[in-house]
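The values are calculated or read from the model by the stated rules, or taken from the named source; none is laboratory data. The structure displayed is predicted, hence computed values, not measured ones. Cβ coordinates were reconstructed from backbone atoms using ideal geometry, including for glycine residues, and neighbour counts include every protein chain displayed.
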Number of protein chains: 2
Amino acid sequence: MQHRLENFKQWLKDEKIEAAFINSTENVFYLTNFHTDPHERLMGLFVFPEADPFVIVPGMEARQVKDAGWNDEVIGYSDHENPWDFINEAIEKRGVKGDKVGFEAEVLTYGRSQSFLANFKQADVINVEDKLNNMRVVKDEQEIEIMRRAAEMADFGVEVGIGALKEGITEMEVLAKVEYELKKKGIREMSFSTMVLFGEKAGDPHGNPGSRRLKAGDLVLFDLGVVLEGYTSDITRTVAFKSVSDKQREIYDTVLKAELASLEASKPGNRIGDLDQIARDIITEAGYGNYFPHRIGHGLGINVHEFPSMSHLNEGILKKGMTYTIEPGIYVPEIGGVRIEDDVLITEEGYETLTKFPKELQIIE
Amino acid sequence: MQHRLENFKQWLKDEKIEAAFINSTENVFYLTNFHTDPHERLMGLFVFPEADPFVIVPGMEARQVKDAGWNDEVIGYSDHENPWDFINEAIEKRGVKGDKVGFEAEVLTYGRSQSFLANFKQADVINVEDKLNNMRVVKDEQEIEIMRRAAEMADFGVEVGIGALKEGITEMEVLAKVEYELKKKGIREMSFSTMVLFGEKAGDPHGNPGSRRLKAGDLVLFDLGVVLEGYTSDITRTVAFKSVSDKQREIYDTVLKAELASLEASKPGNRIGDLDQIARDIITEAGYGNYFPHRIGHGLGINVHEFPSMSHLNEGILKKGMTYTIEPGIYVPEIGGVRIEDDVLITEEGYETLTKFPKELQIIE
């Protein structure tokens, strides 16, 4: 973690930002290796270009910060104390003053921003989120190793879900089974609300699992992922139950072709936006352009949605160590939907999918 | 919902607040009956003492706002549009100006506050959270009916958990079974991270379920709840597995006595803080005062933690329709912990527990 913090401090110095307050669970974890969701209680990391950083947490978590490997100051406070008394004192003790300070402007609440800014009258505010998001875009070996295991768990979730399919079962029953088996393997948190959608329900990209019962001829869409050691996975697979119509097969084949083409374009030096464009062109040529209403994917890491945005507008360039999803989909109201999604890692020469579950159209008996 | 919104508008008028922006999922739901978590996308309700209110949401959710019963303006925007263009126009169209405006200061991000405040140069900012939290403290019949069903589901979760106990099973396996059965009944979301703790693990009030295996002589602590139609439940029960020591029984009896005494004091007109004090006195007299490190409970409703805070410092008075938890606990490191928690409704004459699972010490064979 130390080099990440040094990198961030150097940036503060270059930008002449005198103090930064980081309080998102994700960025505190990235910079300190300490992972917590303190709910309404205040938690955060204070970084200065010259002075020593410090972490403030509810007192009962102070030891966990040290256990995570943090060697600088940790301030714990109890429920009847005002954490800002300690923060203000720690800032003053360090002699930090400045007319330019930073925090995560789309994370920090207005109330807390006012408490922080009271230490720096009239200071300009810099949003430090983009800097941190950009630091996080390229993963190191340790992060990739964890994401690899998180993706394996996602593969397993799809396997369980397919195994649970039978005539008359409901979406929620299949979903419950998937999460049950993952929890038994020690997964405490899914990376987002698991999706299991049958038939016409999968034709709505914002559909929710419910009491729809499975019947022959349905397409079944699974979209799920886990949180493992602070990192996420995210997979989508679609299978047919008992039979598949020509129309369904055409849709499936189109999505798969688009996904494979987008994967093939995944290599260092290529333009990020092209991955969306390549898939979109294939789907449009097949006549389904209006049924692919979302971008091709999103960056993946500590957050299930992070940088880079895999939109056709993204002019950025792919680099070794980037991780993101590729997930084209076609959703036809009444008929159903198909989406195929993998977690992708950019390698030296090209790419590797971290999710490995097969993608040929399966007809489940 | 209409009377809630009128009540809030009247308050804005009384306080001379010219515009209010509400964007927490909970308070938007409370005032509009529309429930959504838009993640990073902007969603919110704008209320004015004189002009008509409006809701802004991602376009794909606009219809759901109407379906929820909202009859005023709804503005939908797409991902490539800036919602503030629409908001600023809607505010200007209403001719709203003012030097005093409000929002949820501990919810709204700094970034969004600046966008909102750009419409009201130099305006004073009022935090409207306390007003809304206080409005929500007394539940109406419809809210109570939903909470009653949410509490039934929590009872069921404990029943499932106890039914799953057997020698050698892990905490996570029991937890997985509990959530599996609840999901099969259609529950999509737990109201917080489910706790199943065995033996000495239950002796840490911040313990996490893991791979600890159950053995004879363990106390087993369950703490769980569900989200149902926007409302939460929250129950804790503790049972003994195969046998119970005199010490464990003494701890259990003390917690139960404290809980019952606190419940008995639950009636309209009584001071809220007394409920904590009564339980605390019993636990202290029994010699366990240092092992009861938290307040007696918390308000319960749309949030699993809301007003009133059931702390001994709360000078407020109990009123018919209030709902909260009573949950004394004793946690002895190495030996184990006991907590007993019910969801309580204040009635005309006294109280009713919405959670009904039995509380006599059970020794599970």
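Residues of segment A:51-91 being touching a residue at least 12 places away in the same chain (Cβ under 8 Å), closer than 17 Å to A:ALA19 by Cα and of a type in the set (D, E, K, R), which ones?
Once the filter is applied, which keeps residues that are touching a residue at least 12 places away in the same chain (Cβ under 8 Å), closer than 17 Å to A:ALA19 by Cα and of a type in the set (D, E, K, R), segment A:51-91 yields A:ASP52, A:ASP72, A:GLU73.
If you take the residues in segment B:1-50 that are acidic (Asp, Glu) and more than 21 Å from the chain's Cα centre (by Cα), which one is farthest from B:LYS97 (Cα to Cα)? Please lay out each step first, then the result.
Step one: list which residues in segment B:1-50 are acidic (Asp, Glu), which gives B:6, B:14-15, B:18, B:26, B:37, B:40, B:50.
Cutting the leftovers down to more than 21 Å from the chain's Cα centre (by Cα) gives us B:6, B:14-15, B:18, B:40, B:50.
On the way: B:GLU6: 20, B:ASP14: 16, B:GLU15: 15, B:GLU18: 7, B:GLU40: 28, B:GLU50: 11 Å.
Per the stated criteria, the residue is B:GLU40.
For A:GLU40, which of the numbered conditions (1) assigned to a loop (DSSP other than H, G, I, E, B); (2) touching a residue at least 24 places away in the same chain (Cβ under 8 Å); (3) surrounded by fewer than 22 Cβ atoms within 10 Å (Cβ to Cβ) fails to hold?
(2)
Given (1) within 20 Å of B:LYS131 (Cα to Cα); (2) loosely packed, with under 14 Cβ neighbours inside 10 Å; (3) in contact with a Ser or Thr (Cβ under 9 Å, 6 or more places away or on another chain), identify the lone condition not met by B:LYS16.
(3)
Give B:GLU179, B:GLU171, B:GLU229 a once-over and let me know the one that is among the charged types (D, E, K, R), within 14 Å of chain A (Cβ to nearest Cβ) and free of Cβ contacts under 8 Å to residues at least 40 places away in the same chain.
Within the list B:GLU179, B:GLU171, B:GLU229, the selection yields B:GLU179.
Here is a list: B:ASP234, B:ASP276. Which entry is buried (at least 20 other Cβ atoms within 10 Å of the Cβ), within 17 Å of the chain's Cα centre (by Cα), acidic (Asp, Glu) and within 17 Å of B:PRO328 (Cβ to Cβ)?
On the way: B:ASP276 fails: within 17 Å of the chain's Cα centre (by Cα).
Going through B:ASP234, B:ASP276 in turn, the sole match is B:ASP234.
Of the numbered conditions (1) at the interface with another protein chain (Cβ under 7 Å from one of its Cβ atoms); (2) under 20 Å from A:ILE363 (Cβ atoms), A:LYS215 satisfies every one except a single condition; which is it?
Of the numbered conditions (1) at the interface with another protein chain (Cβ under 7 Å from one of its Cβ atoms); (2) under 20 Å from A:ILE363 (Cβ atoms), the odd one out for A:LYS215 is (1).
Given the criteria in contact with a helix residue (DSSP H, G or I) (Cβ under 9 Å, 6 or more places away or on another chain), without any contact (Cβ under 8 Å) to a residue 60 or more places away in the chain and not in a loop (DSSP other than H, G, I, E, B), does A:VAL28 qualify? Working first, answer last.
Details: in contact with a helix residue (DSSP H, G or I) (Cβ under 9 Å, 6 or more places away or on another chain): no; without any contact (Cβ under 8 Å) to a residue 60 or more places away in the chain: yes; not in a loop (DSSP other than H, G, I, E, B): yes.
When the stated conditions are applied, A:VAL28 does not pass them.
Any residue at all in segment B:62-70 that is under 23 Å from the mean Cα position of the chain (by Cα), of a type in the set (Asp, Glu) and farther than 30 Å from B:LYS320 by Cβ?
Checked segment B:62-70: no residue is under 23 Å from the mean Cα position of the chain (by Cα), of a type in the set (Asp, Glu) and farther than 30 Å from B:LYS320 by Cβ.
Only residues that are assigned to a loop (DSSP other than H, G, I, E, B) and touching a helix residue (DSSP H, G or I) at 6+ places or on another chain (Cβ under 7 Å): list them for segment B:322-335, please.
Step one: list which residues in segment B:322-335 are assigned to a loop (DSSP other than H, G, I, E, B), which gives B:327-328, B:333-335.
Within segment B:322-335, B:PRO328, B:PRO333, B:GLU334, B:ILE335 qualify.
On the given criteria, is B:VAL174 closer than 27 Å to A:THR36 by Cα and assigned by TED's automatic domain parsing to the domain that holds B:GLU360? Please lay out each step first, then the result.
Working: closer than 27 Å to A:THR36 by Cα: yes; assigned by TED's automatic domain parsing to the domain that holds B:GLU360: yes.
Yes.
If I ask for residues that are closer than 17 Å to A:VAL47 by Cα and polar (S, T, N, Q), which ones from segment A:112-157 would you list?
Those that are closer than 17 Å to A:VAL47 by Cα and polar (S, T, N, Q): A:SER113, A:SER115, A:ASN119, A:ASN127, A:ASN133.
Do you know which of the residues in segment B:90-110 that are at the interface with chain A (Cβ under 8 Å from one of its Cβ atoms) and part of a loop (DSSP other than H, G, I, E, B) is surrounded by the most Cβ atoms within 10 Å (Cβ to Cβ)? Reasoning before the result, please.
Taking segment B:90-110 first, the residues at the interface with chain A (Cβ under 8 Å from one of its Cβ atoms) are B:103, B:105-110.
Keeping just the survivors that are part of a loop (DSSP other than H, G, I, E, B) gives B:105-108.
Details: B:ALA105: 18, B:GLU106: 13, B:VAL107: 19, B:LEU108: 25.
This residue is B:LEU108.
Would you please name the residue that is farthest from the other protein chains (Cβ to nearest Cβ), looking only at residues in segment B:311-327 that are farther than 24 Å from B:GLN142 by Cβ and under 17 Å from the mean Cα position of the chain (by Cα)?
Among them, the one singled out is B:GLU327.
Name the single residue, out of those in segment B:13-47 being over 15 Å from B:ILE126 (Cβ atoms) and of a type in the set (Asp, Glu), that is nearest to the other protein chains (Cβ to nearest Cβ).
Ranking the candidates gives B:GLU40 first.
Hey, could you check segment B:305-321 for residues that are in a loop (DSSP other than H, G, I, E, B) and of a type in the set (D, E, K, R) and say which is nearest to B:VAL107 (Cα to Cα)?
Let us first name the residues in segment B:305-321 that are in a loop (DSSP other than H, G, I, E, B), namely B:305, B:311-316, B:318-321.
When the remaining residues are screened for being of a type in the set (D, E, K, R), the result is B:315, B:319-320.
Working: B:GLU315: 26, B:LYS319: 27, B:LYS320: 29 Å.
The residue in question is B:GLU315.
Restricting to segment A:58-76, give me the number of residues that are in a strand (DSSP E or B) and at pLDDT below 95.
As a first pass, look at segment A:58-76 and keep what is in a strand (DSSP E or B): A:58, A:73-76.
With the extra rule that they be at pLDDT below 95, the set shrinks to A:58.
Here the count works out to 1.
Tell me which of these B:ASP99 doesn't satisfy, since it passes every other one: (1) under 28 Å from B:TYR231 (Cα atoms); (2) over 24 Å from the mean Cα position of the chain (by Cα); (3) at pLDDT below 95.
Tallying (1) under 28 Å from B:TYR231 (Cα atoms); (2) over 24 Å from the mean Cα position of the chain (by Cα); (3) at pLDDT below 95, B:ASP99 fails exactly one: (1).
Looking at this structure, is A:ASN127 within 22 Å of A:VAL28 (Cα to Cα), free of Cβ contacts under 8 Å to residues at least 40 places away in the same chain and within 12 Å of chain B (Cβ to nearest Cβ)? First the steps, then the outcome.
On the way: within 22 Å of A:VAL28 (Cα to Cα): yes; free of Cβ contacts under 8 Å to residues at least 40 places away in the same chain: yes; within 12 Å of chain B (Cβ to nearest Cβ): yes.
Spelling it out, A:ASN127 is indeed within 22 Å of A:VAL28 (Cα to Cα), free of Cβ contacts under 8 Å to residues at least 40 places away in the same chain and within 12 Å of chain B (Cβ to nearest Cβ).
Among the numbered criteria (1) more than 10 Å from chain B (Cβ to nearest Cβ); (2) in contact (Cβ under 8 Å) with a residue 24 or more places away in the chain, which single criterion is violated by A:VAL160?
Here A:VAL160 clears every test but (2).
Scan segment A:266-304 for residues that are closer than 22 Å to A:THR355 by Cβ and either part of a helix (DSSP H, G or I) or outside the structural domain of A:ALA216 (by TED's automatic domain parsing) (or both) and jot them down.
Keep residues of segment A:266-304 that are closer than 22 Å to A:THR355 by Cβ, which gives A:266-268, A:270, A:272, A:274-276, A:278-280, A:282-283, A:292, A:294-304.
If the condition is that a residue be closer than 22 Å to A:THR355 by Cβ and either part of a helix (DSSP H, G or I) or outside the structural domain of A:ALA216 (by TED's automatic domain parsing) (or both), then A:ILE272, A:ASP274, A:LEU275, A:ASP276, A:ILE278, A:ALA279, A:ARG280, A:ILE282, A:ILE283 are the ones that fit.
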